[in-house]
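Shown next, in structure tokens, is the structure this report addresses.
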Amino acid sequence: MQNFIGVDYFDFDSLLNEEEILVRNSVRDFVSENLIPVIEKHYEEATFPNYLIPKLAELGIFGANLPEKYGCANLNNVAYGLIMQELERGDSGIRSFASVQGALVMYPIFTYGSEEQKDYWLPLLASGKKIGCFGLTEPDFGSNPGGMITRAVKDGNSYVLNGAKMWITNGTVADVAVVWAKLDGVVKGFLVEKGTPGFSAPETKGKFSLRASVTSELIFQDVRIPLENLLPKADGLAGPLGCLNQARYGIAWGVIGSMLACYDSALNYSKTRIQFDKPIASFQIIQDKLAKMLTEIVKAQFMTLQLGRLKDAGKLRHQQVSLAKRNNCREALEIARAARDIHGANGIANEYPVMRHMCNLESVKTYEGTEDIHALIIGADITGIQAFR
Amino acid sequence: MNIVVCVKHVPDTASRIRIGANGTSIDTSDISFVLNPYDEIAVEESLKLKEAQGGNVTVLTLGGENASSSLRTALAMGADEAIHIKAENWQGDSYATAKNIANEIQKLPFDLILFGKQAVDDDNLAVPQMVAEFLGIPSVTVVVSLEINGNTGKAEREIEGGKEVVEFSLPVAIAAQKGLNEPRYPSMKGIMTAKRKTITTIEATQFEAKAKIVKMEIPASRSTGKILGGVSELIGSLKNEAKVI
């Protein structure tokens, strides 16, 4: 297959170091050779390519920015972001899998877990031998997670969990769930293992988006877990929100991958599709669309790189992540729609990746904070007035 | 076992190639360079042998400043150390290249020298054999299967319409063909570990080239195809235009 070159209109690569370029190229080649040839089939059949999990683990994708002592690569956050970009160039569902495993399961165990929890779970999760999921959203509490109903009650030497979580990526296949529940009115994190009596995770069917990713409901009916399964260092809603901040950072990078895939497809298509005896790329209206797509890609690249540099310098504010996540998701979706347009009727078929990316991005724009909620986070930051409390 | 893998930093085959202003080399601005795909196979083979039998893998290249990134890729895949024979804007031919490489390898302990069977940029298919000749060791090219047992080895090589099995004694130079193995991707951990590995740099010697490029040309673009309406039209075309029936 033809190597993917990407977009480097403003000599973006000159701002990356040697490791960052190697990381991107390695994941890029992996995605071109292992994911792109099979993704349309999995999307159509609504299955996750499970056989790629050991290969992704061997490559070192899961928790790539965590320390070496847990079997991770200790990459900087820019290299981590580039991994997300390359995975999402393949498919948002596969990027979601890696985001959940790394940012929403390994990160909270690393940040809020006990030494025992870290030593036990992190190497297993890094090597893909165990899969994790993250349970925060509930059927009636999406943008307002603080209102969650799921409760934990201490009873002797266990906690007893009751409640339900919804829209949980990897839920059905996960060996361990990081579940957020209120204990004496305070949000706390718990590790719930697959097979614990009273815990079930049925798959959510009928999705038009993220079809190559498993989405589930988590149901807890008097689920009894040992006291040591509490994440000791998480206290209040800041716990899960800290995780979401990691995942949102990855999404800001990830959707640039969707932009690259859609733009590449649209550019190639427009140069080979002949109408009125010439390539459609020769029409000004198509060139205008392509120029807009390219412009948004270049803007997103530089903004997100600076976001990563701030994160590596320890200066990142979560409102900045909100701004990037919100902007990049919206623009990625606009690019996907414009690409779909340029492909004409062919744009709806799975011979081209654009409709798949477009459908995926509707989810990506919504999960981990909707476009509107991120606007309100930025609004609260710049005006000092919180609109949603 | 001491293994030396010779690699080349070449334009990505997906790059659009333009001829430079001098007419004898390509314009390298706007082109991304990669580790030559056949050399990736050679690196992979060295790592498999090392993993199975122990040893040390040194990766070596001749090229400009930027060629170090291909060395870094090989180190990230798992090679132990690297040697960069530096030659900015190298004008040498295969002879001068091979002479430099052979001189450098001579200073190292080596049992096996691995190459890709060709570099995908100039397609000369000459350096592995020349290096072997300079070192006075056997060479086996276009290898699709390799076994090393102590001081001897056996290789299967592709020949026109079939395969040839060759036995040899070490040290030997082997040139890898596609199919010998599936090269691994540099892992995230490998990339971070590679940062701590050393690349030794030396300057290339300007041996007099035996061959000189006098002109380079981009192939003429293919004329567009023609869609025919049916079998009778096809037969008509074959008869009257292609004149093959």
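Values in this text are rule-based calculations from the coordinates and carry no lab data. Keep in mind that this is a model prediction, so the values were computed, not measured. When we count neighbours, we look across all protein chains shown, and the Cβ atoms used for this are built from the backbone with ideal geometry, even at glycine.
Obtain the nm distance between the two label points defined at B:D30 and A:R317 by a simple spin-label model: each point lies 7 Å from its Cα along the Cα-to-C-beta direction.
4.1 nm
Give me the mean projected area, in nm² to one decimal, of the convex hull enclosing the Cα positions of the range B:1-90.
5.9 nm²
In debye to the nearest 20, how big a dipole does the range A:63-198 give about its Cα centre with +1 on each Lys and Arg Cβ and -1 on each Asp and Glu Cβ?
The dipole of the range A:63-198 has a size of about 80 debye.
Starting at the first residue of the range A:379-386, write each ³J(HN,Hα) from the Karplus equation 6.51 cos²θ - 1.76 cosθ + 1.60 with θ = phi - 60°, in whole Hz, x for Gly and Pro.
x, 5, 5, 8, 9, x, 10, 7
Sum -39500 (n - 2.57) across every DSSP H segment of at least 4 residues in chain B, then divide by the residue count to get the 222 nm mean residue ellipticity, nearest 500.
Calculated at 222 nm, the ellipticity per residue is -8000 deg cm²/dmol.
Under the definition of Cα pairs under 8 Å and six or more residues apart, what whole-number percent is the relative contact order of the range A:132-229? Show your work: numbers first, answer last.
Numbers: 231 pairs, mean separation 32.1, N = 98.
Taking the mean separation of contacting Cα pairs over the length of the range A:132-229, I get 33 percent.
For the range A:164-314, report the translational diffusion coefficient in µm²/s to the nearest whole number, using Stokes-Einstein at 10 °C, 1.306 mPa s, and a Kirkwood Rh over Cα pairs.
The diffusion coefficient I find is 82 µm²/s.
In the Gaussian network model of chain A, springs joining C-alpha atoms below 10 Å, which of A:S200, A:S322, A:S99 carries the largest mean-square fluctuation?
Highest fluctuation of the listed residues: A:S200.
Could you please state, rounded to a whole Å, how far the C-alpha centre of the range B:116-166 is from the C-alpha centre of the range B:70-108?
Centre-to-centre distance over Cα atoms comes out at 18 Å.
Would you mind ranking A:R273, A:R211 by Cβ crowding within 10 Å, fewest neighbours first?
Lowest to highest Cβ neighbour count: A:R273, A:R211.
Using alpha carbons only, how many degrees (0 to 90, rounded to 10) separate the axis of helix A:77-90 from the longest principal axis of chain A?
Tilt relative to chain A: about 60 degrees.
Would any residue of the range A:79-108 have its amide N under 20 Å from a label point 7 Å out along Cα→Cβ of A:E33? List them or say none.
Under cut-off, by backbone N: A:83-91, A:95.
Using Cα centres only, tell me the gap between the range A:228-254 and the range A:288-330 in whole Å.
Between the Cα centre of the range A:228-254 and that of the range A:288-330, the gap is 21 Å.
State the answer as a single residue: which of A:L244, A:G384, A:P232 lies farthest towards the positive end of the charge dipole of the protein assembly as shown, with beta carbon charges of +1 for Lys and Arg and -1 for Asp and Glu, about the Cα centre.
Positive-end residue among those listed: A:G384.
For the peptides A:377-389, B:54-66, what is the packing order when you average, over each peptide's residues, the other Cβ atoms within 10 Å and list the highest mean first?
Descending packing order for the listed peptides: B:54-66, A:377-389.
At a 10 Å Cβ-Cβ cut-off, how would you order A:V192, A:V178, fewest neighbours first?
Ordered by Cβ neighbours within 10 Å, fewest first: A:V192, A:V178.
Where the Cα atoms of the range A:132-229 are projected onto their three principal axes, how long is each span, largest first, in whole Å?
That works out to 44, 29, 17 Å along the principal axes.
To the nearest Å, what is the center-to-center distance of the range A:50-116 and the range B:1-58, using C-alpha atoms only?
Between the Cα centre of the range A:50-116 and that of the range B:1-58, the gap is 29 Å.
By per-residue mean of other Cβ atoms within 10 Å, what is the highest-first order of A:216-228, B:28-40? Could you put the intermediate results ahead of the total?
Values: A:216-228: 17.8, B:28-40: 19.5.
Final packing ranking: B:28-40, A:216-228.
How do A:W253, A:W167 rank when sorted from fewest to most other Cβ atoms within 10 Å of their own Cβ?
Fewest-to-most Cβ neighbours within 10 Å comes out as A:W167, A:W253.
Starting from the amide H of B:T205, placed 1.01 Å from N in the peptide plane, find each other amide H under 5 Å away whose residue is 5 or more places distant or on another chain.
So B:T205 has HN proximity to no qualifying residue.
With contacts defined as alpha carbon pairs under 8 Å and 6 or more residues apart, what's the relative contact order of chain A in percent?
Numbers: 704 pairs, mean separation 66.1, N = 389.
Reported relative contact order: 17 percent.
Given H placed 1.01 Å from N in the peptide plane, which residues other than close sequence neighbours of B:I83 have an amide H under 5 Å from its amide H?
Close amide H contacts, sequence-distant or interchain: B:V59, B:L60, B:T61, B:T200.
Comparing B:Q118, B:Q177, B:Q53, which has the greatest mean-square fluctuation in the GNM of chain B with Cα pairs linked when under 10 Å apart?
Among B:Q118, B:Q177, B:Q53, the largest GNM mean-square fluctuation belongs to B:Q53.
With a Förster radius of 56 Å, plug the Cβ-Cβ distance of B:L108 and A:D140 into 1/(1 + (r/R0)^6) and report the FRET value to the nearest 0.05. Display every interim value, and only then the final one.
Details: r = 69 Å, r/R0 = 1.24.
Efficiency, from the Cβ-Cβ distance: 0.20.
Take every residue in peptide A:21-31, count the Cβ atoms of other chains within 10 Å of its Cβ, and give the average of those counts.
5
In the neighborhood of A:K130, defined by Cβ-to-Cβ distances under 14 Å, what is the net charge if each Lys or Arg adds +1 and each Asp or Glu adds -1?
Result for the local shell: 0.
Calculate, for A:M303 and A:K69, the FRET efficiency according to 1/(1 + (r/R0)^6) with r their C-beta to C-beta distance and R0 25 Å; round to the nearest 0.05.
FRET efficiency, A:M303 to A:K69: 0.15.
With charges set only on the Cβ (+1 for Lys and Arg, -1 for Asp and Glu), what does the dipole of the protein assembly as shown come to about its Cα centre, in debye to the nearest 20?
Working: 66 positive and 75 negative charges, 240 e Å.
Result for the protein assembly as shown is approximately 1160 debye, rounded to the nearest 20.
For A:F134, what residues show an amide H to amide H distance below 5 Å, using hydrogens built from the backbone and excluding near sequence neighbours?
A:T169, A:V178
Just need the relative contact order of chain B here, percent rounded to a whole number, with Cα pairs under 8 Å and 6+ apart. Intermediate values should be presented prior to the final figure.
Numbers: 481 pairs, mean separation 58.6, N = 245.
It rounds to 24 percent for chain B.
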